[in-house]
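What follows is a set of notes on a single structure, which appears directly below.
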Amino acid sequence: MVAPQSGGLAGWISAISQLLFLLFFVLIFLGANQRFQVYMWKGDIKQKLAIIERMALETREKTKEFIIKNKGKNVDNFIKKAMDFFIISPVDIEPTDIIKRMDNLFSSRRSRFKGLLKDVMPESDENVRTRAESVAEISSALNYLVKVIKHILLLEEKTKNWIMVMQLQILMPMLVNIANAYRRATDYFLKGVPIGDGAGPLVARDLAGPNVEWREIVEDTVVAMSKVENRTLYLVKAKGPGSNVGRPGFATEVLIKELSENGQKPSLLVTVDAALKLESEETGEIAEGVGAAIGDPGPEKIRFERISSEYEIPLRAVVIKMSEEEAITGMDKKIYEATKKAIEVVKRIIRETTKEGDVVVVAGIGNSMGIL
């Protein structure tokens with residue numbers, strides 16, 4: 001009796017195994033495994049999205065608290081406007097005067113934001129308002145990032161395009177890192193301390209020395225005169241200590257025209273800026289080259305190129321390498337020490353390229369927050 005029962009049990013097990021295998025094969029054929037994978041991807045995306053949403057909310061609340069602390073009015077209304085503020089890119093299919101049109105758009109944007117903040121924070125000084133503008137932009141960027149991620153998720157549900165989810169899931173760790181960098185940057189902007197992107201202005205300030213007089217040559221941009229290596233040196237940087245990047249290209253253009261009209265045509269133009277490093281590079285590495293070292297969409301950069309070309313002035317570039325996160329968060333020891341090395345590189349370029357008695361212009365590109 002035992003043998004037939006064992007054989008019957010083995011038969012049932014074999015039949016059930018074959019049925020399960022057939023069912024598994026059918027489910028794979030119908031794409032169940034793919035749907036399960038998409039489900040897992042979406043779960044991971046939603047988990048990371050929740051983290052980014054918390055960062056966005058935290059940044060928005062800090063921005064609101066900062067404005068209220070500085071006697072801001074109608075703060076909720078300003079935050080709403082700042083979150084949805086945008087710039088429409090100019091028509092580029094017809095390149096004629098595109099730089100002029102782009103410059104006009106950026107100028108309009110600056111004026112609009114300054115006007116809004118002046119209405120919201122009438123009792124605050126300009127430096128405080130520039131910091132409020134910067135944190136509002138960070139909050140807006142995080143808010144937009146959340147919207148884009150949600151858009152892709154909802155669009156996938158509507159179209160069943162699993163490739164979109166796969167691509168987004170691959171990008172999510174990087175997006176979380178970017179969001180975290182912006183969240184951390186908020187604290188530094190609220191405190192008004194120098195950030196990594198201030199390396200260029202810091203080089204310009206230290207080259208000028210402590211006892212020079214800075215004058216505002218164009219909006220939010222200052223210039224000073226000094227003596228370096230027996231040459232007359234003109235330094236250009238954004239106005240500090242507020243959160244400003246200024247208009248270095250426009251300021252340099254105005255300065256060189258002024259100098260040339262007075263018979264002091266510069267023999268050299270040097271731009272110094274922070275530059276994004278590759279992962280294989282060390283923070284604080286110095287590199288030099290030719291051209292305008294400035295992370296600008298076009299209006300400021302082209303002014304350096306045009307003015308140097310018009311007056312036949314050699315255009316040299318010095319950059320200090322750092323990551324994107326290091327550029328927007330507090331300046332660390334490596335970057336600070338790199339600015340000292342960059343100063344020596346600039347001095348060497350001046351010695352090698354010009355002669356004693358020549359006029360040289362050095363533009364420190366970047367955010368001058370915390371740098372007078």
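Only the coordinates and a few stated rules stand behind these numbers; no lab work does. Worth saying up front: this structure is predicted, and the values here are computed from it rather than measured. Here the Cβ positions follow ideal geometry from the backbone for every residue, glycine too, while neighbour counts run over all protein chains shown.
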Practice problem: Based on other C-beta atoms within 10 Å, arrange MET55, MET174, MET164, MET322 from fewest to most. | Solution: MET174, MET164, MET55, MET322
Quiz item: With the radius of gyration and the Kirkwood radius both derived from the Cα set of segment 85-165, what is their ratio Rg to Rh?
Solution: 1.15
Quiz item: Any idea which of TYR144, VAL128, GLN169 is furthest toward the positive side of the dipole for segment 107-219, if Lys and Arg beta-carbons carry +1 and Asp and Glu beta-carbons -1?
Solution: GLN169
Exercise. Take each of the peptides 269-276, 81-88, average the number of other beta-carbon atoms within 10 Å over its residues, and list them starting from the highest.
Key: 269-276, 81-88
Quiz item: Which net charge results when you count Lys and Arg as +1 and Asp and Glu as -1 among the other residues whose beta-carbon is under 15 Å from that of VAL345?
Solution: -1
Quiz item: Can you give the calculated 222 nm mean residue ellipticity of the chain, where each DSSP H run of n ≥ 4 adds -39,500 (n - 2.57) and the sum is split over every residue, rounded to the nearest 500 deg cm²/dmol?
Solution: -21000 deg cm²/dmol
Self-check item: Selected from LEU269, ILE217, ASN367, residue furthest toward positive end of dipole (the chain; charges at beta carbon)
Solution: ASN367
Quiz item: Using 0.36 nm per residue, how much length does the chain from LEU22 to ASN74 gain when fully extended, once their Cα-Cα distance is taken away?
Solution: 12.1 nm
Practice problem: Using the Karplus curve 6.51 cos²θ - 1.76 cosθ + 1.60 with θ = phi - 60°, work out ³J(HN,Hα) for each residue of segment 85-92 in order, rounded to whole Hz, and write x for Gly and Pro. | Solution: 6, 8, 10, 8, 4, x, 5, 10
Quiz item: Out of GLY298, GLY43, GLY249, any idea which swings most in a Gaussian network model of the chain, alpha carbons joined below 10 Å?
Solution: GLY43
Self-check item: Taking only Cα atoms of segment 196-364, radius of gyration then Dmax in Å
Solution: 14.8, 47
Quiz prompt | log₁₀ of I(q)/I(0) at q = 0.10, 0.18 Å⁻¹ - segment 77-233, Debye sum with one point per alpha carbon | solution = -0.60, -1.26
Quiz item: Per the Kirkwood definition applied to all pairs of different Cα atoms, how many angstroms is the hydrodynamic radius of segment 282-323?
Solution: 11.3
Exercise. Among DSSP beta bridges lying fully in the chain, give the percent that are antiparallel, nearest 5.
Key: 45
Quiz item: Of the trypsin sites (Lys or Arg not before Pro) in segment 302-372, which ones lie in a loop per DSSP and count no more than 15 other C-beta atoms within 10 Å?
Solution: LYS355
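Would you list ASP125, ASP103, ASP119, ASP296 from fewest to most Cβ contacts within 10 Å?
ASP125, ASP119, ASP296, ASP103
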